[in-house]
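Below: the structure, in C-alpha cells.
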Amino acid sequence: FGDIQNAENVFKSIQKKDIVTYGTMMKGYVENEMSEKALDLFEQIELNLNSFAYTTVFKVCAELANDRAMKIGKVLLDRIPQKFRHDNIVLNSAMHMLMKFGDIESAENVFQSIKKKDTSTFGALMNGYNMNGLSRKCFKILEEMIKENIFPDEIIWNIVIGACSKIRLLRRSQYIINKIPFEIQSKKQIKNSLIHMWGKCASIEKAQNVFESIVDRDTITYTAMINAFGLHGMGSEAIQLYRKMPNNLHDEISHICVLNACSHSGLLQEAWSIFNDIPLKTERIYTTMIDCLSRLFLFDEAQNLINEYEKTNEPSLVMYISLLSGARNNRNRNLSEMIYNRIKFLFPNEKDHLMSGAILLSNIYSSVGQHELARTFRYNQIKELETNVKLGLTWTEEFTAHDYSHPKSSEIYSELQRFTSEAIAHGYEYDSSWVTRQLKEEETNLSVLCGHSERIAIAYNFVEEPDTKFIQVTKNLRICGDCHQMTKMITKIRQCHIIVSDANRIHHFHPNGQCSCQDHF
Ligand SMILES: [Zn+2]
Ligand SMILES: [Zn+2]
C-alpha cells in the first residue's frame with residue numbers, strides 16, 4: 001500500500017516467481033503511478049500470462065499510451081492465445097487500451113469478436129467513443145443494447161449521460177434521459193451527472209431541479225451546480241451557493257469553479273475575497289485568478305500574482321497564456337510583445353503554444369495597421385516553429401472551418417453569404433484581429449471569418465428550417481469575438497434565439513441582439 005520499495009524487496013526475495021507474483025508486482029507499480037516500470041517488468045516475464053496479467057498489461061499500456069506502450073500492447077493482443085479470446089474481462093481491457101490509443105477500428109473489431117457481450121463490453125465501447133469525440137455513436141450502441149435485451153445498468157447510463165454532456169444538445173439529451181428508469185434516475189451519482197449535463201446542455205432550470213431533488217448533497221453535487229451557474233454567466237448565484245456549501249465539502253475544483261464563475265461575470269471584488277480566503281492555493285487556483293484579472297485587463301495585478309506565485313514555484317505556461325489572450329482582447333501591442341517574448345524565453349519547447357502566441361501577436365499588429373510587420377513576423381515565427389494548428393470543430397452536425405464536405409454545402413454557403421450581407425447592411429464590420437492564421441491566395445479576412453465553423457453550423461440550421469426560432473450549436477474551441485458579434489446581429493435580424501456552447505461557457509444570444517455573457521468571454 002504505497003510502500004513500493006518494500007514490495008520490490010519482497011518481490012526480489014522470492015526465488016520461484018510465478019505469474020501471480022509478477023501480476024501483483026505490476027499492479028503495484030500501476031497503483032503507484034510507475035507504469036513504465038511495470039512495462040519493464042513485463043518484458044522480463046518468460047512465463048505464460050494468465051488473465052489477470054493480460055488485463056494488467058493492457059491497463060498499463062492504456063495508461064501510458066506512448067509509442068513503446070502502443071507497440072507492446074498491440075503485439076500482445078495479436079498473439080493472445082485462443083482461450084483468452086472468450087474472456088470478456090481481458091477483451092474489455094484490450095478495447096479500453098485500443099480506444100486510449102485512438103485506434104477505434106481495432107477496438108470495434110474486438111467488440112464484434114465478442115460472442116457473449118455483457119454490460120461492461122458495451123460500456124468499454126461507449127467509453128471509448130466518448131474519449132475519442134465520437135459520443136454520438138454511444139446512442140446507437142445504447143439502442144443496440146436494448147434491442148439485444150441487455151439491460152443498461154447505472155454505469156451504462158452514466159456513460160450515456162456523459163455522451164449527452166459532450167453533444168450538449170438540449171432536445172436530443174431530453175429524449176435520451178426520458179428512457180432512464182426511475183429507480184436509476186433517483187441514484188445520487190446519476191443525479192450529479194445530470195446536473196452537470198443539463199448545465200452543459202444550456203438548461204439551468206433542469207439542472208437546478210435535479211439539484212433541489214438531492215437530499216444528501218456532496219462535493220460533486222455542489223460543484224456541478226456552481227459550474228453550471230458559471231457557464232451561464234450567473235456569477236452571483238454561483239457565489240451564493242459556494243458560500244452555502246458546507247466548509248468541509250470545499251475542494252480545489254469547487255474553488256476553481258466559483259472563481260471561474262466570478263471571472264465570467266466580471267465580479268472582481270468577490271473573486272478577490274474568495275481567492276484570499278482559500279487556505280491552500282494550487283497552480284490551477286492561481287491560474288484561474290490570473291485569468292479573471294486578464295479578462296478585465298488588470299494586467300499589473302495579474303503580473304503581480306504571477307510574481308507572487310513564482311517566488312516559490314516554477315513558472316507556469318498556462319498563466320502566461322491567460323495573460324496573453326487578455327492582452328490580445330485589449331489590443332495591447334507592447335504588452336503582448338513582452339508576454340510573447342517571456343513565453344519564448346521560459347518555455348522554448350512548447351511549440352504549439354508559441355505558434356498560437358505568434359499568430360495572436362501578428363493579428364494585433366494587423367489590427368493596429370502594421371500589416372507589413374504582421375506578415376514578416378508571422379512568416380518568420382512560423383518558419384522557426386513549423387507546427388500544425390488545431391482545427392476548430394463545431395457540431396449541430398459536425399463542421400470544421402471551411403468545410404465543403406456536407407451534401408448541402410452549396411446551400412449552406414449561400415445562406416452564409418445571405419446573412420453576412422444582411423449583417424453588413426445593419427452595420428457589421430469584420431474585425432481582422434480574430435483571423436488566427438495566414439491567408440491563402442484567394443482568401444480575404446472576411447472570407448476566413450465567415451468560414452469559422454460556428455457560422456457554418458448556424459447557416460446549416462437556417463437551411464434546414466428557414467423560420468427557426470431556436471438554434472443550438474456547440475464548439476470545441478472558444479468562440480471568437482467576430483463570430484460573437486456576428487451572432488448577436490443575426491439573432492436580432494432574424495428574431496431568433498441562438499445558443500452557442502464553446503470550450504469555455506454557454507452563450508445565450510437573445511432576439512434583442514444581446515448575449516447572456518455580456519461580452520465577458
Ligand atoms: Zn469566429
Ligand atoms: Zn456571449
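Okay, here's what the table says:
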| read-out | value |
| --- | --- |
| Whole-percent carbon and sulfur share, accessible surface of the chain, 1.4 Å | 50 percent |
| The range 33-48 - phi-based ³J(HN,Hα) in whole Hz, Karplus 6.51/-1.76/1.60, Gly and Pro as x | 6, 10, 5, 4, 5, 4, 5, 4, 5, 4, 5, 8, 6, 10, 9, 6 |
| Value of [θ]222 nm, deg cm²/dmol, for the chain, DSSP H segments ≥ 4, -39500 (n - 2.57) each, nearest 500 | -20000 deg cm²/dmol |
| Accessible area expressed per residue, the range 311-377, with surrounding protein chains retained (probe 1.4 Å, Å²) | 51 Å² |
| Sequence-distant residues sharing a close amide H with Ile479 (under 5 Å, placed H) | Ala503, Asn504 |
| For the range 54-64, Karplus couplings with θ = phi - 60° (6.51, -1.76, 1.60), whole Hz, Gly/Pro x | 4, 4, 5, 5, 4, 5, 4, 4, 4, 4, 6 |
| Inter-part distance where the range 349-369 and the range 119-178 are each reduced to a Cα centre, Å | 40 Å |
| Solvent exposure ordering (accessible area, 1.4 Å, most first) of Arg375, Arg68 | Arg375, Arg68 |
| Filtered chymotrypsin sites (Phe, Trp or Tyr not before Pro), the range 403-496: DSSP coil and at most 14 other beta carbons within 10 Å | Tyr404 |
| Exposure of Lys206 as accessible area (Å², to 10), given a probe of 1.4 Å and all protein chains | 70 Å² |
| Normalised contact order of the range 125-242, rounded percent, pairs of Cα under 8 Å and 6 or more residues apart | 19 percent |
| Square roots of 5 times each gyration tensor eigenvalue, C-alpha, the range 291-389, largest first, Å | 23, 17, 9 |
| Per-residue HN-Hα couplings for the range 174-183 [Karplus 6.51, -1.76, 1.60; θ = phi - 60°; Hz; x = Gly/Pro] | 4, 4, 6, 5, 4, 7, 6, x, 4, 5 |
| Residues with amide H under 5 Å from that of Gln472, placed H, sequence gap 5 or more | Ile499 |
| Within the range 29-70, GluC sites (Glu not before Pro) in DSSP loop having at most 13 other beta-carbon neighbours inside 10 Å | Glu33, Glu46 |
| P(r) of the chain over all Cα-Cα pairs, binned every 20 Å from zero, in whole percent | 19, 48, 31, 3, 0 |
| Label point at Leu268 placed 7 Å out along Cα→Cβ; residues across the range 481-521 whose backbone nitrogen lies under 20 Å | 517-521 |
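The values are calculated or read from the model by the stated rules, or taken from the named source; none is laboratory data. None of these values were measured; they are calculated from a predicted model. Every residue, glycine as well, gets a Cβ built from its backbone with ideal geometry; the counts of neighbours run over all protein chains shown. To get the accessible areas, we keep the full protein, side chains included, count just its heavy atoms, and leave off ligands, DNA and RNA. Shrake-Rupley method; radii C 1.70, N 1.55, O 1.52, S 1.80 Å.
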